[in-house]
Structures are given as structure tokens and as C-alpha cells.
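In what follows, a single structure is set out as C-alpha cells and then discussed.
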Amino acid sequence: MATIKEIAQKSNVSTATVSRVLNNDDSITVLEETRQRILQTAKELGYQTLHERRRQQTQAKKSAPSIGIIACQTVEEELNDPYFISIRQGIEEELYRQGISRVGSYRLNDMLTVPQEFPAIDGLLVIGRLGEDVLKQVSQKITNIVYLNYVPDEELYDSVTVDFEKATKKALKHLMSLGHYKIGYIGGVEREHLQRKKVISEDKRLTTFESMIKKGDFEGNDAIYIGEYTMSSGYELMKKAIQKKKHPKAFFIASDPMAIGALRALQEAGLSVPSDVAIVAFDDIEAARFSNPPLSTVRVYTREMGQTGVKLLMDRMSGRKLPVNVTLPTSLVIRQSCGSPLAVNPFKEVVQ
């Protein structure tokens, strides 16, 4: 943008005169011809007064879309598992990058009905699973919706998720490649929280595990342990698993926090990881690198999931009608806990 000095030089007047003319100072006496010359020069150079810039910023804020975020997890669930917090952080980072500050946050378990202000929201991002009843309520009030970590109906709604089946197979096949043909499973349950009712949803990690057992890929029917997605639950479930004399020598654990709890149980029992029990987990939260030993885990790009959701929503609000489902890739991060020869160095990790 042009400066007052540049306008003064081109108009052949002082900077003080330019400043007072542009700011409509009535006390200045100046020829009309000079005033018009200054105004024309400022226009040609694209100069904007502070008042004009502030007015434009105010108008931009008023015209910015209003975005809502629904978290389908309780506060306790978010605190126990950073997975969903990371998705939310990705959303907030992208909204900030796009200059959107009109954001309302809602938590599903606090909603007795869909909030009345929803019709005034231009777009909605939903983190997690919504049951059919709530899904209908929300979609009747808001047209522009993107679901994150869940695909309610890919022919109707935008969504961003990962292929849990493919990711689980990747982890299990890695354990099999290390010679493990009896594998245990430790996992939690995903719920919908509405009106204080808890509805358990299907977990693709568990169903994929069970499907591979049925196909004869490995043994593990008697080694499936389900609790909550928390460290303490992972600890208790692993204690229960290793009480059996013929417990598996390898476990797929459906979240990193559960795996960290399981490591503690194994250490208390005098079992070494990975020589006595190998572990591959899921998420790749920051703590996975610093556990003892460092966790082999499936890396889910949760921040990118949130960022991609915002971009889809902006595109949807720009007029796109065709639903888009984005499936982000995952990576298997090989560290020490699985016993792979690729990760003999405690400071080394291999991403596949």
C-alpha cells in the first residue's frame, strides 16, 4: 500500500497537508484543486486511511461464516485419550489460518436436544459418532456438515476418516511377520453420549481382528479384552490377560494410552517387552516415543484430519453439492516394543 510520503511527492505538497486532507481535517485551508489532486493520487496509488481499513476489517468480521464444532466425547474421554483433542487442534489451527473467529463449541452429552441456534450456523464440524436420531435432527437444521473420524453415509455427507480395517491389518501382519501366530487384543468401546445414554458403536479394529481369526490368519479367540480407552483400563486388562498361563506373546492394543498402561502391568509382572511380550499399538500420540520401551504403533494423522475437515467445509459452503469422503492414510511406526530387528536402536524409528 502507498504511503503518505509517496502521495505527497506525487501531489507536490507536504506530508502534513496530505495527512490532514485524507483524514478530513476541516481546520485546514487548501485549494479545492489541490484537495482533489491529493485524493486522486491516493486513489491511484491504492491508499486507504486507518478509518477505511478498520471499516473493512469490521465488515470482513461480520461477513465471516459462523462455524460450530460438536464433540461426541465427554471431557473425561478427551483427557484420557489425546486422539480426539488432536483432531480438534487441527480444526482450530485451520480455522485460524482462514481468519474464522466465529466458532461455537458444543459437547454431545450436554445436549438434550439440538441447540436452537444451529439454524444460524453456516457450517458444522462433528468429531466422532452420531446416532440416527441426532443425525436427522442436525441435518434438518444445517446443510453444511463435515464428519470427522466417522462416515455416517458417504452418499449424503462429507467426512474425513482413516481406513481402520487397513490400518489394523497392517499392524497385525507386522506381528505375524515377526513369527507371532497367537495374538491378543486389548481395546475399548466407542460410545454416543446423548441425554446421558451411552450407545456402544462398532469398532473396526476389533471386527477386523476377529475377521482375521476366522480366516485362520492367527489364533486369538480366547485373548480378546475390552474395557475403556484409558491407561488404567489398559493396565487392568493386561494384568487379566497375563494371568493365563498360555497368554499370547504378542498383543495388538487399540490405543497408545491403553498400551502405556499395559506396559506398566507387564513390567510389574516381571515380563520384558518385547522379548517376553511384543506390542503394537494405535494412534502414535507424542508419549508413544517416550514410553519404556518406545511403542511401535499405527500413526494416525489426526491434526491433518481436522485441517482437512475445515477445508471440506469451506468448499461445501462455497456451493459444492456433491458429498466428498476423504480417507487419510496411516503409517506403521516401528519402534522397540514389537521386537522388530528394524528398531534395535532405541532412538531409531522406521515408518512404513
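The values are calculated or read from the model by the stated rules, or taken from the named source; none is laboratory data. Values in this document were obtained by computation on a predicted structure and should not be read as measured data. Here the Cβ positions follow ideal geometry from the backbone for every residue, glycine too, while neighbour counts run over all protein chains shown. When the accessible area is computed, the model is the full protein with side chains, heavy atoms only, and any ligands, DNA or RNA have been set aside. Shrake-Rupley method; radii C 1.70, N 1.55, O 1.52, S 1.80 Å.
Let me spell it out: the conditions are (1) assigned to a helix (DSSP H, G or I); (2) within 20 Å of the chain's Cα centre (by Cα), and R299 meets all of them except one. Which number is the exception?
(1) is the only condition that R299 fails.
Given the conditions (1) under 22 Å from Q73 (Cβ atoms); (2) surrounded by fewer than 19 Cβ atoms within 10 Å (Cβ to Cβ); (3) in contact with a strand residue (DSSP E or B) (Cβ under 6 Å, 6 or more places away or on another chain), report the number of the one that I224 does not fulfil.
(1)
Every residue in the range 316-333 that is at negative phi and open to solvent by less than 60 Å² (accessible area, probe 1.4 Å), please.
If the condition is that a residue be at negative phi and open to solvent by less than 60 Å² (accessible area, probe 1.4 Å), then R316, M317, R320, P323, V324, N325, V326, L328, T330, S331, L332, V333 are the ones that fit.
Test each condition in (1) under 13 Å from G188 (Cβ atoms); (2) part of a loop (DSSP other than H, G, I, E, B); (3) among the charged types (D, E, K, R); (4) without any contact (Cβ under 8 Å) to a residue 60 or more places away in the chain for E236 and report the one that comes out false.
With (1) under 13 Å from G188 (Cβ atoms); (2) part of a loop (DSSP other than H, G, I, E, B); (3) among the charged types (D, E, K, R); (4) without any contact (Cβ under 8 Å) to a residue 60 or more places away in the chain applied to E236, the lone miss is (2).
Looking at the range 116-123, is at least one residue in contact with a His (Cβ under 7 Å, 6 or more places away or on another chain), modelled with pLDDT under 75 and either open to solvent by less than 50 Å² (accessible area, probe 1.4 Å) or assigned to a helix (DSSP H, G or I) (or both)?
no
So the check is Cβ under 8 Å with 6+ separation or different chains; which pairs have a first residue in the range 65-86 that's farther than 15 Å from R107 by Cβ and a second one that's basic (K, R) and at pLDDT below 80?
P65/R102; S66/R102; I67/R102
Hey, among A250, A265, A254, A259, which residue is out of contact with any Lys or Arg (no Cβ under 9 Å at 6 or more places or on another chain), modelled with pLDDT of 95 or more and open to solvent by less than 30 Å² (accessible area, probe 1.4 Å)?
A259
Can you name the residue in the range 160-176 that is over 17 Å from Q336 (Cα atoms) and among the aliphatic types (A, V, I, L, M) and is also surrounded by the most Cβ atoms within 10 Å (Cβ to Cβ) among such residues?
Among those residues, the one meeting the criterion is V160.
Can you name the residue in the range 50-83 that is surrounded by 11 or more Cβ atoms within 10 Å (Cβ to Cβ) and among the hydroxyl-bearing types (S, T, Y) and is also modelled with the highest pLDDT among such residues?
Y83
May I ask you to list the residues in the range 93-115 that are surrounded by fewer than 17 Cβ atoms within 10 Å (Cβ to Cβ) and modelled with pLDDT of 85 or more?
The answer is E93, Y96, R97, Q98, G99.
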